[in-house]
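The values are calculated or read from the model by the stated rules, or taken from the named source; none is laboratory data. Since we're looking at a predicted model, the values are computed, not measured. Here the Cβ positions follow ideal geometry from the backbone for every residue, glycine too, while neighbour counts run over all protein chains shown.
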Amino acid sequence: MWDERYAASERVWSAGPNREVAAVIGDWPPGRALDLGAGEGRHALWLAERGWQVTAVDFSAVGIDRGREEARRRGLEVDWVVADVTAWEPPPGSTFDLALVAYLHVPQDVFSRLGQWLSPGGALVVVGHALRNLTEGVGGPQDPSILHTTEQLRASARGLDVERCEEVLRPTEAGDAIDVVLVARRAGG
């Protein structure tokens, strides 16, 4: 379905980063980043422009190809990987200073694996539709089993130091969407 959706339009998502992603990560010093569920690569490209070494993973070959082409056009280096994020694992010994999960709605156990891939001081950043968005917000997936609550994300970040975990409003043309933001860091950095 996602290959068809990416192939049917010029751009599915905006070219720039989500505002919460930019607000959280924008001033961080670059390092190694994982963009899980990268789609067309808007966050991977934005991070690469800021000096990050980025691995972008998505199961849509069309989305990854679009990101790869845009990176080539801009002269950016990104490691593009076509894979199912629910099963993908980085090469043994690989660690990241940032694991970004933006609007990827998958079962919660995927998030709990990410902490082990962080380097000391590395951060897990999750931005996505809140469960409460179903009844009080607009847009987003309609399957409650893949939407986030702050409690679920805190549980998924077990073993990490949670710096921020809260719902935020995101204005859209149709009204306010309700998102949740998690920033959690591995000790030792």
Exercise for review: Could you list, in sequence order, all residues of segment 170-189 that are assigned to a loop (DSSP other than H, G, I, E, B) and loosely packed, with under 14 Cβ neighbours inside 10 Å?
Suggested key: GLU173, ALA174, ALA187, GLY188, GLY189
Exercise for review: Test LEU118 against the criterion of being at pLDDT 95 or above, touching a Ser or Thr at 6+ places or on another chain (Cβ under 8 Å) and among the aliphatic types (A, V, I, L, M), and give yes or no.
Suggested key: yes
Review point. For ALA56, are the conditions met, namely being under 20 Å from LEU34 (Cα atoms), buried (at least 21 other Cβ atoms within 10 Å of the Cβ) and not hydroxyl-bearing (Ser, Thr, Tyr)?
Key: yes
Check your understanding: Any idea which residue in segment 59-91 is surrounded by the fewest Cβ atoms within 10 Å (Cβ to Cβ), counting only those that are of a type in the set (Lys, Arg) and closer than 25 Å to VAL24 by Cβ?
Key -> ARG74
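How about segment 63-105: which of its residues are part of a helix (DSSP H, G or I) and without any contact (Cβ under 8 Å) to a residue 60 or more places away in the chain?
Matches in segment 63-105: ILE64, ASP65, GLY67, ARG68, GLU69, GLU70, ALA71, ARG72, ARG73, ARG74.
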Check your understanding: Which residue pairs have Cβ atoms closer than 7 Å, lie 6 or more positions apart in sequence or on different chains, and pair a first residue in segment 126-140 that is farther than 22 Å from ALA157 by Cα with a second residue that is among the charged types (D, E, K, R)?
Key -> GLY137/ASP176; VAL138/ASP176
Review point. In segment 48-62, what residues are hydrophobic (A, V, I, L, M, F, W, C) and either touching a residue at least 60 places away in the same chain (Cβ under 8 Å) or outside any helix (DSSP H, G or I) (or both)?
Key: TRP52, VAL54, ALA56, VAL57, PHE59, VAL62
Study note, to complete from the structure: Within segment 110-169, residues of a type in the set (Ser, Thr, Tyr) and either assigned to a strand (DSSP E or B) or surrounded by 14 or more Cβ atoms within 10 Å (Cβ to Cβ) (or both) come out as SER112, SER119, THR149, THR150, SER156
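For the subset of segment 19-47 comprising residues that are charged (D, E, K, R) and not in a loop (DSSP other than H, G, I, E, B), which member is modelled with the lowest pLDDT?
Restricting to residues being charged (D, E, K, R) and not in a loop (DSSP other than H, G, I, E, B), the top hit is ARG19.
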Exercise for review: Would you check if SER94 is hydroxyl-bearing (Ser, Thr, Tyr), over 13 Å from the mean Cα position of the chain (by Cα) and buried (at least 22 other Cβ atoms within 10 Å of the Cβ)?
Suggested key: no
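Here's the yes/no breakdown for (1) at pLDDT 90 or above; (2) under 26 Å from VAL62 (Cβ atoms):
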| site | (1), (2) |
| --- | --- |
| GLU77 | yes, yes |
| ALA87 | yes, yes |
| PRO92 | yes, no |
| LEU104 | no, yes |
| PHE111 | no, yes |
| GLN152 | yes, no |
| LEU160 | yes, no |
| GLU166 | yes, no |
| ARG186 | yes, no |
